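First comes the structure, then the notes that go with it.
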Amino acid sequence: MPSLLELVRHHTDLDDADVAWLQLLQADWQIIADLSFADLVLWLPDRGGSGFWAGAQMRPTTGPTAYVDDVVGTFVPRGRRPMLDEAYTRGRLVREGDPEWRDDVPVRVETIPVRRAGRVIAVVARNTNLLGVRTPSRLELSYLQTAADLTRMIAQGHFPEEGQRSDHADSPRVGDGFLRVDAAGRVVYASPNALSVYRRLGLSGDLAGLSLAELTRELVPPRRRPDEETLSAVLGGRVHRDTEIGTDGVSLIVRSIPLRPNGEHAGALVLVRDVTDLRRRDRELVTKDATIREIHHRVKNNLQTVAALLRLQARRMDSESARLALEEAVRRVGTIAIVHETLSQAGEEHVDFDEIADRLGRMVTEVSAVGDRVRVSRDGEFGVLPSEVATALAMVLTEVLQNAVQHGYDPADEESSGSIVVRVRRLVGRLHLSVDDDGRGLPPGFDLDGSTNLGLSIVRTLVESELGGQLELGAAPGGRGTRAAIDVPLD
Ligand SMILES: Nc1ncnc2c1ncn2[C@@H]1O[C@H](COP(=O)(O)OP(=O)(O)O)[C@@H](O)[C@H]1O
Ligand SMILES: [Mg+2]
């Protein structure tokens, strides 16, 4: 489905300010669809003047739709829907007595010119499925009357209001709680849901006739409400804005839309939404994040303790091979600790792996016998990886780097120096990694499948079983040294 912006660019002469206006209208028109129990379609005038394009559509959440199919992107030539033409050219609201019949459904259509800076820039068609219309109750009458005020404001260029955008996810809907206040800020009508919300705040009687700002000041402790000015402006219905208030047990968002159907302030539509559960979940998420971070931190500390114990034990070994084996174990545990340290700082189950890879590169050369005669560099970026992948990949990378440093170069040969390149590419759904050294190369007749040493066994198990990827070990393409190539899927 084409976007509003695309349709405007392709088919109309509207300018950027017009588009901004229409987008602002779109941000708020769910409210109008709900209050009218009607589908809204935004019709854009064609550049050549030959008709209208449907630029956007909104269904009501309070009643049945009049459009089963999407209409966005369709074209209506002039003359076919005279109500569109009339609203556009005459700049006035058009309403017809007789319903249109669409697939056996009677639909009442009204058209509303959208005015900006004195010009009509588009038309909103309001389509009410009359099968859904019940005997009007007070709630329905209040909704419809408010919808009528808002549509009149659209036609006069008083709605939307510039600089006001509040289509964020928490924004209250009509069904959450609807109040109508008069010009003095006193409640004229409150929907049952709005009344329940205020009951939860501590109200015992009825809302009708009360000043919403005063009442809220009584029920809400000062630290849980906005400053005096905001409070009286929003709850008094004088500014188009959201604000959040509450008690210790209850949180709510209040949203006010001032109404000026005749150009003068005539009160406001106030929507209220109980967001207590939402806020509690926000707080729980924050503590969950902190807990996860703390756990990673402790795991890292414990791993460092294990590494220290192994190191102590290694020093006491008489057998050289046993000592070397323990030192390898120290290094492996240290690698996992690095990943957990990074996770404890990120506070998420994802890590930026580039920092880890570079740290591992430094760690491997620092402790090696060839020391600063061998340099590790990185080409490409790992980016962000999930923690499970990160732990396994860190182990793999350490072993492969360790082998390059340890077997590629001769520590006894003072002239022996080299460079190891970690090359990484992130492809769609995959990560490709190669580690090339320019050392002496694999021993003659080397066979990866036949190799039983621990390092490469760990690498193979992690790559193939844990990460579900592939490992290859062979001569580096430069004619010198060894390449380890690893390919792992990422989803
Ligand atoms: N980059 C490399 N350059 C030369 N030889 C290598 C390289 N990587 C692995 N090898 C060979 O593969 C063998 C097995 O490696 P590995 O399983 O890690 O055990 P270890 O490192 O303990 O010997 C090494 O002993 C070495 O002969
Ligand atoms: Mg090894």
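Some values worked out for this structure:
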quantity	calculated
Rg over Rh [alpha-carbon atoms, Kirkwood Rh] for segment 150-235	0.99
Overall form of segment 267-384 per C-alpha gyration tensor (a/c, 1.5; a/b vs b/c)	oblate
³J(HN,Hα), Karplus 6.51/-1.76/1.60, whole Hz, each residue of segment 222-228, x for Gly, Pro	x, 6, 9, 9, x, 4, 3
Average Cα contact separation per residue, the chain, under 8 Å, 6 or more apart, as relative contact order %	8 percent
Global form of segment 368-450, assessed from the alpha-carbon gyration tensor, a/c cut-off 1.5	prolate
Per-residue HN-Hα couplings for segment 426-431 [Karplus 6.51, -1.76, 1.60; θ = phi - 60°; Hz; x = Gly/Pro]	9, 9, 5, x, 9, 10
Proximal charge balance of residue 199 [Cβ under 11 Å; K/R count +1, D/E count -1]	-1
Filtered GluC sites (Glu not before Pro), segment 312-379: DSSP coil and at most 15 other beta carbons within 10 Å	348, 349
Size-normalised alpha-carbon gyration radius of segment 308-371, reference 2.2 N^0.38 Å	1.33
Distant-in-sequence amide H partners of residue 12 (H built 1.01 Å from N, under 5 Å)	47
Over the chain: helical MRE at 222 nm, DSSP H runs n ≥ 4 each giving -39500 (n - 2.57), nearest 500	-13000 deg cm²/dmol
Note, ³J(HN,Hα) from phi for segment 309-314, Karplus 6.51, -1.76, 1.60, rounded to Hz, x at Gly and Pro	5, 5, 5, 4, 5, 4
Low-density loop positions, trypsin sites (Lys or Arg not before Pro), segment 241-322 - DSSP coil, at most 10 other Cβ in 10 Å	316
Residues whose placed amide H lies under 5 Å from that of residue 252, excluding near-sequence neighbours	245, 246, 275
Likely footprinting exposure, 111, 365, fewest C-beta neighbours within 10 Å first	365, 111
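No lab work stands behind these numbers, since they all come straight from the coordinates. Computed from a prediction, not measured in an experiment: that's the story for all the values here. Glycine gets a Cβ as well: all are built from the backbone with ideal geometry, and neighbour counts include every protein chain shown.
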